[in-house]
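Comments concern the structure below.
The values are calculated or read from the model by the stated rules, or taken from the named source; none is laboratory data. What you see is a predicted model, and the numbers here were worked out from it, not measured in a lab. Here the Cβ positions follow ideal geometry from the backbone for every residue, glycine too, while neighbour counts run over all protein chains shown. SASA here: full protein model, heavy atoms, side chains in, ligands and nucleic acids out. Shrake-Rupley method; radii C 1.70, N 1.55, O 1.52, S 1.80 Å.
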Amino acid sequence: MMQITDFQKIGVGLAGFGIAFLFLGVLFFFDKGLLAIGNILFICGLAFVIGLERTFLFFFQKHKLKGTAFFLGGILIVLLGWPMIGMCVEIYGFVRLFSGLFPVAISFLRRVPVIGSVLNAPFISSWLPKGGLDAEAGV
């Protein structure tokens, strides 16, 4: 089993706080201060979890440059004072960057007891992507 370092634990905490601040920023009618803090904490948390070099390599892969530009551009727009437009741009960039991880995450969530039964319902499972862990494991 892989050991989790203290830096990775700190990174998970920072990313969690970043997501919480982003949620609160949206909840409080796109408060630009909360959104800016959430963005900074999320990026710092990601860097702590996977390391600075791997974070840089992830964001600046050739096929992910458009997503990176939209994601970082959205953060800049939020910091400049247009939080609603910035969050829309940032969400588009986030989806472009992390779209490859969505099938794996959904496959993992299908194995969680309560959430899995909801995601495996016929009317919901027809909308969700197949694959992820199940396709890799041959299950």
For THR55, all conditions in the list (1) closer than 28 Å to GLN3 by Cα; (2) out of contact with any Leu (no Cβ under 7 Å at 6 or more places or on another chain); (3) of a type in the set (Ser, Thr, Tyr) hold save one; what is the number of the exception?
(2)
Some residue of region 48-62 being over 26 Å from GLY18 (Cα atoms) and open to solvent by 90 Å² or more (accessible area, probe 1.4 Å):
yes
Filter region 85-130 for residues that are open to solvent by 40 Å² or more (accessible area, probe 1.4 Å), at pLDDT 85 or above and of a type in the set (Gly, Ala, Ser) and give the result.
SER99, GLY100, SER117
Cβ-Cβ below 8 Å, separation at least six or inter-chain, first residue in region 58-72 and on the phi > 0 side of the Ramachandran plot, second open to solvent by 70 Å² or more (accessible area, probe 1.4 Å) and in a loop (DSSP other than H, G, I, E, B): which pairs?
none
State all residues of region 2-37 that are crowded, with 18+ Cβ neighbours inside 10 Å and among the aromatic types (Phe, Trp, Tyr); if no residue qualifies, say none.
PHE21
Take the residues of region 63-84 that are in contact with an Asp or Glu (Cβ under 9 Å, 6 or more places away or on another chain) and of a type in the set (Val, Ile, Thr): which is most open to solvent (accessible area, probe 1.4 Å)?
ILE77
